[in-house]
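Report on the following structure.
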Amino acid sequence: MNNEQKHKSGFISIIGRPNVGKSTFLNRVIGQKIAIMSDKPQTTRNKVQGVLTTADAQFIFIDTPGIHKPKHKLGDFMMKVAQNTLKGVDVVFFMVNAEEGFGKGEEFIIEKFQSVKTPIFLVINKIDQIHPDQLLSVIESYKEKYDFKEIVPISALEGNNVETLLEQLKEYMPEGPQYYPADQVTDHPEHFIVSELIREKALHLTREEIPHSLAVVIDKMKKKDDKDIVHVMATIIVERDSQKGIVIGKQGKMLKEIGQRARLDIENLLGSKVFLELWVKVQKDWRNKMTQLRDFGFRE
Ligand code: GDP
Ligand code: MG
Ligand code: K
């Protein structure tokens with residue numbers, strides 16, 4: 001055993017046509033606990049879909065929006081954004097459905113790989129549905145089209161070969177830190193980022209009047225079942241009553257402005273419409289209260 005092994009971490013984007021099994025895969029590797037907040041493509045920003053933390057590595061799976069055949073001009077633009085995001089990660093998983101084989105949709109995506117230097121894995125999913133002979137011919141058909149770094153057949157649903165895929169993935173991860181605290185992220189990857197976005201707006205808009213003694217706690221962040229809208233409830237915590245007055249502003253104007261600006265950023269981050277509710281609370285000397293600090297998402 002080599003105890004000197006360095007910690008590895010990296011970013012992986014999973015791309016592929018709808019229904020190939022991307023979400024099923026993420027749920028399997030990260031566990032049912034993770035709330036995959038948004039399944040909506042067509043946003044301009046990358047978003048973290050899930051983080052897998054092991055003893056010596058951290059894999060951060062990113063949703064790369066917009067890789068599909070564009071139907072209109074905006075689609076072209078989205079395609080460019082998506083291509084750029086392929087370059088900002090350590091590995092790309094191109095997931096395909098073993099049952100369907102190579103088609104026009106796959107061809108379109110593979111064309112985009114030509115200008116990308118990032119290592120690309122072909123992940124052939126749903127092998128539980130096909131005969132091994134058929135798998136061989138699927139592999140052959142893809143090999144002709146692109147020089148994939150690895151070709152890994154899996155069943156995301158049943159778990160076949162998923163461990164092997166993660167082992168191979170680790171080989172391609174650079175040495176790096178644990179970007180996300182393991183416990184925080186296994187619950188809700190976006191909580192911390194969302195609270196930072198709100199904090200940033202509050203500090204910016206109130207300028208010097210509110211010192212950095214301001215914290216934001218996310219009380220709730222939940223996707224509404226039937227709609228593509230995320231409900232966020234957050235509390236801004238200040239130390240004095242006078243600060244509370246400033247954050248709320250005349251007739252609530254300041255708080256409204258903070259909320260509007262933060263909401264736009266959060267919508268970009270999550271790729272969903274957001275309903276944001278903000279509250280303000282005074283909690284004296286909160287900085288001295290370590291237990292509370294931890295509740296606020298701070299880490300020692
Ligand atoms: P996504 O659109 O790429 O995120 O695909 P989903 O993860 O939502 O999966 C689409 C459908 O394929 C769902 O009904 C899954 O249960 C099913 N599915 C995903 N992975 C597998 C697999 O490995 N084997 C089988 N048989 N079905 C799968
Ligand atoms: Mg999905
Ligand atoms: K998806």
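Which residues, taken from the range 27-49, are within 15 Å of ligand 3 (Cβ to nearest atom), over 16 Å from Lys170 (Cα atoms) and modelled with pLDDT of 50 or more?
Asn27, Arg28, Lys47, Val48, Gln49
Here are the criteria: (1) surrounded by 14 or more Cβ atoms within 10 Å (Cβ to Cβ); (2) modelled with pLDDT of 95 or more. Tell me which single one Glu167 does not satisfy.
Evaluating Glu167 over (1) surrounded by 14 or more Cβ atoms within 10 Å (Cβ to Cβ); (2) modelled with pLDDT of 95 or more leaves (1) as the failure.
Can you tell me which residue is modelled with the lowest pLDDT among those in the range 206-262 that are surrounded by 18 or more Cβ atoms within 10 Å (Cβ to Cβ) and hydroxyl-bearing (Ser, Thr, Tyr)?
Ranking the candidates gives Thr206 first.
The values are calculated or read from the model by the stated rules, or taken from the named source; none is laboratory data. Not measured: the values here are computed from a predicted model. When we count neighbours, we look across all protein chains shown, and the Cβ atoms used for this are built from the backbone with ideal geometry, even at glycine.
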